[in-house]
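Read the structure below first, then the notes.
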Amino acid sequence: MVIGVIPARLESTRFPRKILFPIRNKPMIMHVYERALKSQKLDRIIIAVDSQETVEALKKYNAEVIMTSPKHQSGTDRIAEAVANFNSDIIINIQGDEPMLDPEMIDSLISLFVDKSVEMATLASTVITENDILNQNSVKVAIDKNHNAIGFYRKITDFSKQYFHHIGIYGYRKDMLNKFTKLEQSKNEKVLHLEQLRALDNGIAIRVAVCDFPYRGVDVKKDLEQLNFE
């Protein structure tokens, strides 16, 4: 079984309560959920929340919502709790701030796990702008010839590599998800606030599916302007 989980922390740092921000009279996270439903390869989709307010706000929508601890430090920890009792093979971490999510990207990510050596995977886009390069909220990724991530960056100092715009959607085999959440935060992860660096710093390969997705996640309220949602 392949389960998609959307971690939904209400009080995000840069844009508090953004998962419930109304876009066309619907919470942002429901746009993500409904687009994820169009995936051909997901068997189940769950929204993992941390507040009763979010539960109440989503009650009128036909979504599967699971309450998780408000004490989690990361979305990955929240996902691990949400799927702990499910018999799942692959778990997809779908960010709740991607209202323009393309379900075909999810299917491309899941397809990587046909290769039995892949334990963790993510997405990147060839569409990378000068603003992406300069914007430290926009995460960049470099990839080796085997399509494994070399590194993830907020600030670019070495322009000898080809960089892609990182899309913060991840896939894990369940054993790897459990292993990952038991690892201590790495130094690079703490400095750059990029959870995926914990994997690279512990020798865990991250396979990357490349697409041409042109949109950006909503990190701050101003990001809504590029999507023409305000």
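The values are calculated or read from the model by the stated rules, or taken from the named source; none is laboratory data. What you see is a predicted model, and the numbers here were worked out from it, not measured in a lab. With ideal geometry, Cβ positions are generated from the backbone for all residues, glycine too; neighbour counts draw on all protein chains shown.
For this structure, a couple of remarks:
- Residues that are at pLDDT below 95 and crowded, with 18+ Cβ neighbours inside 10 Å, drawn from region 84-94: 88
- Test for residue 200: is it in a loop (DSSP other than H, G, I, E, B), at pLDDT 90 or above and among the hydrophobic types (A, V, I, L, M, F, W, C): no
- Subset of region 98-118 that is farther than 23 Å from residue 47 by Cβ and among the hydroxyl-bearing types (Ser, Thr, Tyr) - its residue that is surrounded by the most Cβ atoms within 10 Å (Cβ to Cβ): 111
- Test: residue 155 is under 27 Å from residue 89 (Cα atoms) and basic (Lys, Arg): no
- Only residues that are part of a strand (DSSP E or B), under 16 Å from residue 123 (Cβ atoms), of a type outside the set (Ser, Thr, Tyr) and out of contact with any Gly (no Cβ under 8 Å at 6 or more places or on another chain) were counted across region 158-197, and they come to 5.
- Taken across region 67-79, residues that are of a type in the set (Val, Ile, Thr), crowded, with 19+ Cβ neighbours inside 10 Å and in a loop (DSSP other than H, G, I, E, B) do occur, with at least one present.
- In summary, residue 149 fulfils each of the numbered conditions (1) out of contact with any helix residue (DSSP H, G or I) (no Cβ under 8 Å at 6 or more places or on another chain); (2) of a type in the set (Gly, Ala, Ser); (3) assigned to a strand (DSSP E or B) with the single exception of condition (1).
- Filter result (among the polar types (S, T, N, Q) and either outside any loop (DSSP other than H, G, I, E, B) or within 13 Å of the chain's Cα centre (by Cα) (or both)) within region 84-123: 93, 95, 108, 111, 122
- Count of region 124-138 residues, restricted to those that are at pLDDT below 95 and either in a loop (DSSP other than H, G, I, E, B) or of a type in the set (Ser, Thr, Tyr) (or both), is 5.
- Filter pass, residue 218 being modelled with pLDDT of 95 or more, closer than 23 Å to residue 74 by Cα and of a type in the set (Val, Ile, Thr): no
- Taking the criterion of being in contact (Cβ under 8 Å) with a residue 40 or more places away in the chain and either at negative phi or within 16 Å of the chain's Cα centre (by Cα) (or both), the residues of region 22-36 that qualify are 23, 28, 29, 31, 32, 35, 36.
- Residue 155 being under 17 Å from residue 194 (Cα atoms), more than 18 Å from the chain's Cα centre (by Cα), assigned to a loop (DSSP other than H, G, I, E, B) and of a type in the set (Lys, Arg): yes
- Top-ranked residue in region 119-154 [being of a type in the set (D, E, K, R) and in contact with a strand residue (DSSP E or B) (Cβ under 9 Å, 6 or more places away or on another chain); ranked as surrounded by the fewest Cβ atoms within 10 Å (Cβ to Cβ)]: 144
- Whichever residue in region 1-47 is touching a His at 6+ places or on another chain (Cβ under 9 Å) and assigned to a strand (DSSP E or B) and, among such residues, is nearest to residue 174 (Cα to Cα): 7
- Enumeration of residues in region 95-123 that are closer than 26 Å to residue 201 by Cα, modelled with pLDDT of 95 or more and not hydrophobic (A, V, I, L, M, F, W, C): 108, 111, 115, 116, 117, 119, 122
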